[in-house]
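All remarks here apply to the structure that follows.
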Amino acid sequence: MEYIPLNFPFLAAALLVGVSFYIMIFKRNLIKLIMGIAILASGVNLFLVSLGYRAGGNAPIYTDVPEGPMVLPVPQALTLTSIVINVAVLALMLTMVIHIYRHTGSLDSEKSRKMKG
Amino acid sequence: MDKLLTHSPILIIVIPLVVAFLTPLIGRAGGKARNVLVVASLAFVEFLVIILARDIYLNGIHIYTLGAASPELTLPGGAMVPIRIILEVDAMSIFMGIIWATVSLTAAIYSISHMASETGQNRFYALLLLMVAGTFGMMFAGDLFNLFVFLEIASISGAALIAFRTRFADAVEGGFKYIVISAVAGLIFLFGVGLLYAQYNSLNIGFLANAMQYSTLDKIALTLFLVALTIKTGMVPLHMWYPDSYTVAPANITAMLVITSHACMYAVFRVCFTLYGITLDPATVGWIVIIIGLLTMFVGVTMAVFQTDVMRFMSYHAISQMGYMWLGVGVGLAVLGNPGALATYGRAAISGGIFHILNHAMYKPLLFMTAGALYHRTSTRDLNKMGGLGHNMKFTLILYIIGTLSIAGIPPLNGFASKFLIYESVYQFNPILAVIAMLVSIITLASFTKAFQSAFTGPQLPEYKDVKEVPKSMLIGMGILAAGIIFTSIFPGLVLERIVYPATDALINQGAYINAIMGGGTP
C-alpha cells in the first residue's frame, strides 16, 4: 500500500504527457498547440522533480539542519532550469503567433499555412 | 598560452555568450564597431578551437570540470560519482567544433553585407552569437542535461533568427514550426534523461556508459533520445518542418542551421556509440539507423526534383545528403559487436559518414549562400523567374559550380572522396544499400544541373540587366568555404588521416571516454 502514494506523481506525469500529445495532434488552433506544449513541459517537470523525492529526506540547506539524510538537489536544479527554458520557449512561441495572426488573420493551423510540399 | 589551452573548452562557449550580450551595447556606438567585434570574437574562437584540436590530437581527450580546483579533477575528494558540470572534448567533439567554428565565422562575414539593409541588426548578431554558444555547448557537453540546455539555447536563438524578417508571413511560419518542433523534441529528450537519472542517479555520459545495464527502461530512454534527435536533425519521416524553416531563414542563418542539424546528429552518434556502446543490440539499432538514412536519402532527393524555390530545393538536398551520413555510421554501428567486420569495413563506413559531415558542412552552406546571393540581387527565390544571371554574377557562378560538383560527387572534388568511401564499405556490408546510394547521387546531379541551367544560363533577362556581383564580404564568406572544399579535394588522404580517423576512433573507443571521467582525477 505504501507504494501507491509514491507512484502517484509518476502516474500524474504520464497523464499530463498523454493529454499534451492528444492536444498537439488533434487540435488545430495554434494557441491550443502552445498550451499542449506547456502541459507537456509540466508533465516532464513533474516527472523530474518527483524523481528527487526521498521519504524522510531533508532539504539540502546547511543552516539549522535536522538529523537524518539530505536529498541530492540535482533533480530540483534540473526542474528549475527546465522551467526557465520553457518560459523562454513559450514566450517566443506566443510572439510568433501574434505575428502569424497579423499576417494571416487566422489562428487555424490549416488556414494560416503558406508552405506545402 | 598554456592557461589559454587548459581553459579553452569553456572559453569557446563563454566568449560568444558574453559577446552576444555586448553586441547591443557596442551596436549603439555604430554598426562598424559591432561587426568588427562579432567577426573578431568568432575568429578568436576559431583560433581557440584550432589550438584545442591540436592538443587533442597529440594528447587525447580534454576534460574541463567547472568549479573544480583544477580542470582535470572530475572526482573530487575521492567521490565515486562525478557531481560537477563536466565538459568532455574528444576527437569527435572537436571535429564538429572545427566545422562549427569555421561555418559560423564565414556566416558572420557573409551577414555583414547580406543583412546590411535589415533593421535590428544588433539583435540579429546577438542571436547569432547565442546560437554559436549553444551549438558549441552541445558538442562539448559531457553530461546529458547540459546537452539538453545547450540544445534549447541553440533552438530558441535559431527560431528567432529564422523568423527574423518578420515582415514576411512565411518567415514567421517557418520560425514557429522550428520552435514547436524543437520544444517538443527537447522535452522528449529531457524525459529520456529523467529515465536514466532515475536508475543511475547521475547525468554524466561517461558515468552512465560505465553503469549501463540496457534494461527495459534504458531501451525506452534510447527510443526517446532517438525520436527526439531524429526530429531535431530533420530525418524522414520527421522532416516536414525542415524545408519550411530552412527556406525562409536568411541564407547565412540557413548555412548555420545545417550545422546545428549536424550537431543533433552528433548527439545521436554520441548516444549510440558512447552512452550505450556495445550494450545496445548493435545490429538492430544499426539497421534502424541505416533504414532511416536510406529513406531520408531517397525521399529527400525525390522531393527536391520538382521544387522551384531555390532555397527549398537545396533544403531537400540537405535532407537527402544527411541520409549518407546515417547510412555510413549505421553500417558501422551494425557491426560494432563484430571486431573482424568492424576492422575490414565498419571503421571505413563510419569514417565515410563522418567525412561526409565535413564535406557537407562546406558545400551545403556554400550552396545556401550562393542561393542567398541570388536572392540578394534578384529579391526572388523562384528559379523560374531567374535566368541569365551568369552574365553578371561570375564569381557566384563559379562558387555555385564548385558546390554543385562537390554535392553530386564528381571525382576530383571532396564529395566524391567521402561518397566513394561510403559506397565501398557499404557494398561489403550489403550491395543493395550501395546501389541505392549511387542512384541518389545521380538524381542529385541531375536536379542541380537543372537549377544551374534555370538560374545562371540563357540570355540576359531585361529585368536583371543591371544586376551586379554581390558585395565583397559575401564573396569572402563563400570564398573561405570554397577554399576549404578545394583543399579537401586535393588532400583527402591528409584530412582523413589527421581529423576524420581520430574522430571515428573516438566514437568506437567507448572505454577511453569513460576512463577520462571515471579513471584518475582524484588527487
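Rule-based calculations on the coordinates, nothing more; no lab input. All of these numbers come straight from a predicted model, not from anything done at the bench. Reconstructed Cβ throughout: ideal geometry from the backbone, glycine too, with neighbour counts over all protein chains shown.
Which trypsin sites (Lys or Arg not before Pro) in segment B:104-177 pass both tests, a DSSP loop state and at most 15 other beta-carbon atoms within 10 Å?
B:ARG167
Over chain B, what relative contact order in percent results from Cα pairs under 8 Å that are six or more residues apart?
The normalised contact order for chain B reaches 17 percent.
In square nanometres, what is one fourth of the surface area of the convex hull spanned by the alpha carbons of chain B?
22.4 nm²
Once you average over the residues of B:199-210, how many Cβ atoms of partner chains fall within 10 Å of each Cβ?
Mean partner shielding for this stretch: 1.
So if I place +1 on the C-beta of Lys and Arg and -1 on the C-beta of Asp and Glu, and nothing else carries charge, what would the dipole magnitude of chain B be about its Cα centre? I want it in debye, nearest 20.
Result for chain B is approximately 1080 debye, rounded to the nearest 20.
In nanometres, what is the gap between the two model label sites at B:ILE401 and B:ALA446, each 7 Å from Cα along Cα-to-Cβ?
Going from the B:ILE401 label point to the B:ALA446 one covers 2.4 nm.
Length gain on complete extension for the stretch A:ASN58 to A:ALA14, per 0.36 nm per residue less the alpha carbon to alpha carbon distance?
Here the answer is 13.2 nm.
To the nearest 20 Debye, how big is the dipole of segment B:281-490 about its Cα centre, given +1 on the beta carbon of each Lys and Arg and -1 on that of each Asp and Glu?
For this selection, approximately 400 debye.
Could you give me the ³J(HN,Hα) list for segment A:48-57, computed from phi with Karplus coefficients 6.51, -1.76, 1.60 and θ = phi - 60°, whole Hz, x at Gly and Pro?
Karplus-based 3J(HN,Hα) across segment A:48-57 equals 4, 6, 6, 5, x, 7, 10, 4, x, x Hz.
Would you list which lysines come within 26 Å of A:LYS32, measuring only between C-alpha atoms, while excluding same-chain residues fewer than 8 positions from it?
A:LYS111, A:LYS114, A:LYS116, B:LYS177, B:LYS232
Neighbour counts of other C-beta atoms within 10 Å: give me B:ILE485, B:ILE10 arranged from fewest to most.
Least crowded to most crowded, the residues run B:ILE10, B:ILE485.
Once you average over the residues of B:180-193, how many Cβ atoms of partner chains fall within 10 Å of each Cβ?
Taking the mean over all residues of the peptide, I get 6.
How would A:LEU30, B:LEU439 line up from fewest to most surrounding beta-carbon atoms within 10 angstrom?
With the sparsest Cβ surroundings first, the list reads B:LEU439, A:LEU30.
Put +1 on the Cβ of each Lys and Arg and -1 on the Cβ of each Asp and Glu in the protein assembly as shown; which of B:VAL258, B:PHE148, B:GLY390 then has its Cα farthest toward the positive end of the dipole?
B:GLY390
Given R₀ = 25 Å, FRET efficiency for B:ILE490-B:VAL305 by Cβ-Cβ distance, to 0.05?
0.20
Binning every alpha carbon pair distance of segment B:281-490 at 10 Å from zero, what are the percents per bin?
All Cα pairs considered, the percentages come to 9, 34, 30, 17, 7, 2, 0.
Could you work out, residue by residue across B:164-174, how many beta carbons of other chains sit within 10 Å of that residue's beta carbon, and then give the average as an integer?
For peptide B:164-174, the averaged partner shielding equals 5.
For segment B:19-52, which chymotrypsin sites (Phe, Trp or Tyr not before Pro) are both in a DSSP coil and crowded by at most 14 other Cβ atoms within 10 Å?
none
Please state the charge dipole magnitude for the protein assembly as shown, taken about the Cα centre, from unit charges on C-beta atoms (+1 on K and R, -1 on D and E), reported in debye and rounded to the nearest 20.
1840 debye
Using a Förster radius of 51 Å, what is the FRET efficiency between B:LEU4 and A:THR104 based on their Cβ-Cβ separation? Nearest 0.05, please.
0.50
Compute the length gained on full extension between B:ALA29 and B:LYS468: take 0.36 nm times their separation in residues and subtract their Cα-Cα distance, giving the result in nm to one decimal.
155.0 nm
Over segment A:32-117, what is the mean sequence separation of C-alpha contacts under 8 Å (at least six apart), divided by residue count, expressed as relative contact order in percent?
So the answer I get is 25 percent.
What are the ³J(HN,Hα) values, in whole Hz, obtained from phi via the Karplus relation 6.51 cos²θ - 1.76 cosθ + 1.60 with θ = phi - 60°, for each residue of segment B:443-451 in sequence order, with x given for Gly and Pro?
Going residue by residue, I get 4, 4, 4, 4, 6, 6, 4, 4, 5 Hz, with x marking Gly and Pro.
With 10 angstrom as the radius, rank B:ILE480, A:ILE25, B:ILE99, B:ILE410 by how many other C-beta atoms surround their C-beta, starting from the fewest.
Ascending number of Cβ neighbours within 10 Å: A:ILE25, B:ILE410, B:ILE480, B:ILE99.
What per residue convex hull volume, in Å³, comes out for the protein assembly as shown when only alpha-carbon positions are used?
161 Å³
Pairs of Cα atoms under 8 Å, at least six residues apart: use those to get the relative contact order of segment B:376-479, whole percent.
With pairs under 8 Å counted, the relative contact order is 48 percent.
Output wanted: per-residue J couplings in Hz (rounded whole) for segment A:89-106, from phi through Karplus 6.51 cos²θ - 1.76 cosθ + 1.60, θ = phi - 60°, x for Gly and Pro.
Ordered by residue, 3J(HN,Hα) equals 4, 5, 4, 5, 5, 5, 4, 5, 5, 4, 5, 4, 5, 4, 7, 10, x, 8 Hz.
Taking the alpha-carbon distance from B:LYS3 and a cut-off under 16 Å, which aspartates and glutamates remain once sequence neighbours fewer than 8 residues away in the same chain are dropped?
Within the straight-line cut-off, B:LYS3 pairs with B:ASP55, B:GLU72.
So the label point goes 7 Å from the Cα of B:GLU424 along Cα→C-beta, right? Which residues of segment B:463-507 then have their backbone N under 14 Å from it?
Residues B:492-497, B:501 qualify, since their backbone N sits under 14 Å from the label point.
Could you tell me the convex hull volume per residue, in Å³, taken over the Cα atoms of segment B:1-126?
Looking at segment B:1-126, the number lands at 119 Å³ per residue.
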